[in-house]
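**Q** Below you'll find the structure I mean.
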Amino acid sequence: MARHRRIVVAVICAFCAAVIFVGHFFPSLPFLSGIWTQEQNFEDFLQREGRKARTHPEFVFLGIDQSTLELPPFSPEELASSRALQLMTERPYPWSREVWALLLDRLFGAGARAVMFDFVSNPPNDGDAIFHEALDRYRDRVVLGANFDFSKGMQAVLPNASLIPPPALLDDRVGFVIFFSDPLDRKVRSVRYMVSDRLLAGQESQPSQEIYYAMSARMLKKLGHEKDVFWDFYPHQFRFGANDAYPAQPLYEVFDPKIWNAPVPQSQTSGDGFGGGAFFKDKIVVVGASSQIAHDFVPTPMSPDTPGPTLHIHAMAATIGHDFLYPTSERTDLMLVAAAAALAWLLISFAGRPLISVISLLAIAGAYLAFARVSYDRTGLLVVVVPVLSAFLAAGFLSLGFEFVLERMEKLRTRRTLERYVSKNLVKEILDNPDSFYSSLRGVRIPATILFSDIVGFTTLTESADPEKLVAQLNEYLSRMTGAVFENNGTLDKFIGDAVMAVWGNVSSRGVAEDAKACARAALAMRRELAALNEQWAARGIAPFHFGIGINHGDVLGGNIGSQEKADPTVIGDAVNLASRLEALTRTYAVDILVGARAAELIRDEFDLRSVALVQVKGKTEPVEISTLIGVTKDRRDEEFLHRLETYEAGFRKFRERDFTQAKILFSQFLEFYPDDALAKMYLERSLEYEKQPPDATWNAVEVFKKK
């Protein structure tokens, strides 16, 4: 059985791995491919929450922000002292390109290492000649942007020819500004340092193809970091720096005399002043748009609106710091998925208890997440996580679900098998609460209600009846009787030949009163079932059964009682013995159910009872008041009988009080309506007898029985 279970668990785990594989090889399937898509989201989470690339303070972002486009008011003296401010206030952006020439002069005059313009100076504009001269003057330290327009095939958007003579893309002062985003979510996660015309057209590479270089690659080469650049056509995923690592400095502040000459605050590398240009010494300056109106924002793992110039800085900083990310290979990913499913199989097959399996699954998943985080932070290795954990947890929990269903089925099969031999509530207690049940088997004293039932004259029947038919009839009878016990939450203690012993309160209790009432309901149900059976048997020509039932309540000793070889969970004690004696007395008093005094007190508020006698059974020194059970009070069907029964009860009291004449009258009145009532007849005969010859003074109406 265990081997078969492991085979099924192996199939489940293999299926889970196969589902993940299908999602990888068939990305058009929405649900399955989503698992691999979520892997990208997890990697983005690592980018945001994990280790960031080191901030390089040598990079400065001069942003064409809203304050630069609108410009604050300047005094006539300030405008007279700055040619750039004059040009910027003459007309809205785009200004004369002389502004950029003046910017280069000012920055390089202050000691800047390099300047990169993250925009395309394509249409001709005023000042192109002056800007061209500045580009020639600083050609080894400046880079301009170019772009590709894919809306019209593949068309290059270049600086105009008056600035950079054709072929502009082959000039080391020109690099493409575009970042190629992920086609699924349009986020930028990697940098390409090189592309070719054929690659952009979706064609295979050829030796004759034209190669274009990214603006960041051009700048890094000019800065002496040529060896840090990957000179290939592949995207290289890089680690981003903090979101606030490279804040935009308003461009106009470079030309504002107040800010240019103000000292640089000691607590930060940029801020309210540039110290006469000292701030820009040895800096790498990136100039580009930072206003919302310019729409130069790119979605990245760090933010949905990362400024384009900042993206170039992050890429260059990561290149200088060798902060690249390395996803595991496709082959490794699939191997890890398969290994995860195999580990889930081992865990579920050999871990033992389900709780241990669940804890182990979660612990291993947590450890793998921690490993992925450490790998990302320390080495930049992007270990595949979501598909692996999906395979692992799905295989694990589906296998646990299978084990749970199988266990439930086995428990149900075991329960049904046991219920053929043991009481249903006892089986339930054993399976649901084994610890408490087995502890109770050592012995416990508890209040319980006990029911004994026995077929009247069954021994005589066995001597003459057909054995096979009698056994079938007996089994049918016992099935109905035990069904009545089980339906009323009783415990079938044992069969004693044709007798049934049932207990309430030993396995589980709903309170002594409710236990006793449940026992009474079971006795009435047994009475109804026997009446129905007798009617069916009469129609089939089968002799009827008649039974006697004894019910008693009291303290009993419960436990596993027997020999070392065989023992049964049962109850023993004086209360049990009395219930058995009461069952035997049903023949004497010609009633089918007798109830002991303690049980009668517990059920009297819901059931109609009839006084029978005050008896002292064998083995008892104290007399016991016994009653017979008529029915449930709220379900009264014979109101006239119950009304006439008051006459019987009055006669019974007079009999006890030694008023035998009055008792005789009352019993006679009752018998006028119910002439066949055995109890009334018995007490009428005794009343007549005692009226003629009264008992002695010690008489107390107790009937003593010397036999069982």
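**Q** Within the range 149-165, how many residues are out of contact with any Leu (no Cβ under 8 Å at 6 or more places or on another chain), part of a loop (DSSP other than H, G, I, E, B) and exposed (fewer than 15 other Cβ atoms within 10 Å of the Cβ)?
**A** 4
**Q** State whether one or more residues within the range 509-519 are in the same structural domain as GLU622 (by TED's automatic domain parsing), under 23 Å from GLN473 (Cβ atoms) and surrounded by fewer than 16 Cβ atoms within 10 Å (Cβ to Cβ).
**A** no
**Q** Quick check on my filter: what residues within the range 596-636 are part of a loop (DSSP other than H, G, I, E, B) and more than 60 Å from the chain's Cα centre (by Cα)?
**A** Correct list: VAL617, LYS618, GLY619, LYS620, THR621, GLU622, PRO623.
**Q** Let me spell it out: the conditions are (1) more than 22 Å from LEU107 (Cβ to Cβ); (2) surrounded by fewer than 17 Cβ atoms within 10 Å (Cβ to Cβ); (3) of a type outside the set (Ser, Thr, Tyr), and ASN261 meets all of them except one. Which number is the exception?
**A** (1)
**Q** In this structure, is VAL9 part of a helix (DSSP H, G or I), free of Cβ contacts under 8 Å to residues at least 60 places away in the same chain, crowded, with 20+ Cβ neighbours inside 10 Å and out of contact with any strand residue (DSSP E or B) (no Cβ under 8 Å at 6 or more places or on another chain)?
**A** no
**Q** Going through the range 610-654 one residue at a time, which ones are touching a helix residue (DSSP H, G or I) at 6+ places or on another chain (Cβ under 6 Å), over 23 Å from ALA522 (Cα atoms) and of a type in the set (Asp, Glu)?
**A** none
Residue-wise test of (1) more than 16 Å from ASN147 (Cβ to Cβ); (2) in a helix (DSSP H, G or I); (3) of a type in the set (Asp, Glu); (4) within 42 Å of the chain's Cα centre (by Cα).
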{"site": "VAL188", "(1), (2), (3), (4)": "no, no, no, yes"}
{"site": "SER205", "(1), (2), (3), (4)": "yes, no, no, no"}
{"site": "TYR213", "(1), (2), (3), (4)": "no, no, no, no"}
{"site": "ALA217", "(1), (2), (3), (4)": "no, yes, no, no"}
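**Q** Taking the residues in the range 442-458 that are small (Gly, Ala, Ser) and farther than 17 Å from ALA518 by Cα as candidates, determine which candidate is modelled with the highest pLDDT.
**A** Ranking the qualifying residues of the range 442-458, first place goes to GLY457.
**Q** Of the residues that make up the range 605-619, is at least one assigned by TED's automatic domain parsing to the domain that holds PHE547, modelled with pLDDT of 90 or more and surrounded by fewer than 14 Cβ atoms within 10 Å (Cβ to Cβ)?
**A** yes
**Q** Looking for something surrounded by fewer than 19 Cβ atoms within 10 Å (Cβ to Cβ), in the same structural domain as VAL157 (by TED's automatic domain parsing) and without any contact (Cβ under 8 Å) to a residue 24 or more places away in the chain - is there at least one such residue anywhere in the range 216-226?
**A** Yes, the range 216-226 contains a residue that is surrounded by fewer than 19 Cβ atoms within 10 Å (Cβ to Cβ), in the same structural domain as VAL157 (by TED's automatic domain parsing) and without any contact (Cβ under 8 Å) to a residue 24 or more places away in the chain.
**Q** Turning to a different aspect of this structure: In the range 134-143, how many residues are touching a residue at least 60 places away in the same chain (Cβ under 8 Å) and part of a strand (DSSP E or B)?
**A** Summing the residues that are touching a residue at least 60 places away in the same chain (Cβ under 8 Å) and part of a strand (DSSP E or B) in the range 134-143 gives 1.
**Q** I need the full set of residues from the range 187-231 which are over 18 Å from LEU169 (Cβ atoms) and at pLDDT 90 or above, in order please.
**A** The answer is LYS187, VAL188, ARG189, SER190, LEU223, GLY224, HIS225, GLU226, LYS227, ASP228, PHE230.
**Q** Next question, about the same structure. Does LYS708 meet the test of being assigned by TED's automatic domain parsing to the domain that holds ARG521, modelled with pLDDT under 90 and either of a type outside the set (Phe, Trp, Tyr) or over 60 Å from the mean Cα position of the chain (by Cα) (or both)?
**A** The answer is no for LYS708.
**Q** Can you tell me which residues in the range 73-96 are under 21 Å from PHE280 (Cβ atoms) and assigned to a loop (DSSP other than H, G, I, E, B)?
**A** SER82, TRP95
**Q** Ok, one more. Scan the range 16-34 and tell me whether some residue there is in a helix (DSSP H, G or I), exposed (fewer than 15 other Cβ atoms within 10 Å of the Cβ) and of a type in the set (Val, Ile, Thr).
**A** yes
**Q** Just to verify a result, which residue in the range 36-66, among those that are in a loop (DSSP other than H, G, I, E, B) and among the charged types (D, E, K, R), is farthest from PHE238 (Cα to Cα)?
**A** That would be ASP65.
**Q** Kindly establish whether ALA697 is in a loop (DSSP other than H, G, I, E, B), without any contact (Cβ under 8 Å) to a residue 24 or more places away in the chain and of a type in the set (A, V, I, L, M).
**A** Against the criterion (in a loop (DSSP other than H, G, I, E, B), without any contact (Cβ under 8 Å) to a residue 24 or more places away in the chain and of a type in the set (A, V, I, L, M)), ALA697 qualifies.
**Q** Shifting gears a bit: Given the options PHE486, PHE452, name the one that is outside any loop (DSSP other than H, G, I, E, B), within 24 Å of GLY631 (Cβ to Cβ) and either under 46 Å from the mean Cα position of the chain (by Cα) or not assigned by TED's automatic domain parsing to the domain that holds ALA543 (or both).
**A** PHE486
**Q** (1) outside any loop (DSSP other than H, G, I, E, B); (2) within 30 Å of ASN41 (Cα to Cα); (3) in contact with a Leu (Cβ under 8 Å, 6 or more places away or on another chain): which one isn't true of PHE233, the others all being true?
**A** PHE233 satisfies all of (1) outside any loop (DSSP other than H, G, I, E, B); (2) within 30 Å of ASN41 (Cα to Cα); (3) in contact with a Leu (Cβ under 8 Å, 6 or more places away or on another chain) except (1).
**Q** Give the residue that is surrounded by the fewest Cβ atoms within 10 Å (Cβ to Cβ), with candidates limited to residues of the range 489-508 that are under 42 Å from the mean Cα position of the chain (by Cα) and closer than 18 Å to GLY573 by Cα.
**A** In this case the residue turns out to be LEU492.
**Q** Could I ask something else about it? Looking at (1) touching a His at 6+ places or on another chain (Cβ under 8 Å); (2) over 20 Å from LEU382 (Cβ atoms), which is the one condition that is false for MET154?
**A** Here MET154 meets the rest and fails (1).
**Q** Does ARG218 count as farther than 21 Å from ARG54 by Cα and among the charged types (D, E, K, R)?
**A** Criteria met by ARG218.
**Q** Can you tell me which residue within the range 331-375, out of those that are without any contact (Cβ under 8 Å) to a residue 12 or more places away in the chain and not hydrophobic (A, V, I, L, M, F, W, C), is nearest to SER390 (Cα to Cα)?
**A** Across the range 331-375, the extreme among qualifying residues is GLY366.
**Q** Would you pick out the residues in the range 376-404 that are β-branched (Val, Ile, Thr), within 16 Å of LEU343 (Cβ to Cβ) and in contact (Cβ under 8 Å) with a residue 60 or more places away in the chain?
**A** Across the range 376-404, the qualifying residues are VAL384, VAL385.
**Q** Restricting to the range 100-123, what's the tally of residues that are of a type in the set (Val, Ile, Thr) and modelled with pLDDT under 95?
**A** Counting residues in the range 100-123 that are of a type in the set (Val, Ile, Thr) and modelled with pLDDT under 95 gives 1.
**Q** Then there's this: Return a yes/no flag: does the range 307-319 have any residue that is more than 28 Å from GLU90 (Cα to Cα), outside any loop (DSSP other than H, G, I, E, B), touching a residue at least 24 places away in the same chain (Cβ under 8 Å) and touching a His at 6+ places or on another chain (Cβ under 7 Å).
**A** The answer is yes; a qualifying residue exists.
**Q** ILE561 fails exactly one of the following numbered conditions: (1) of a type in the set (A, V, I, L, M); (2) within 23 Å of ASN700 (Cα to Cα); (3) outside any helix (DSSP H, G or I). What is the number of that condition?
**A** ILE561 satisfies every listed condition except (2).
**Q** Filter the range 464-496 down to the residues that are touching a strand residue (DSSP E or B) at 6+ places or on another chain (Cβ under 8 Å) and among the acidic types (Asp, Glu) and list them by number.
**A** ASP493
The values are calculated or read from the model by the stated rules, or taken from the named source; none is laboratory data. Because the structure is a prediction, the values reported are computed rather than measured. Virtual Cβ from ideal backbone geometry, glycine too; neighbours counted across all protein chains shown.
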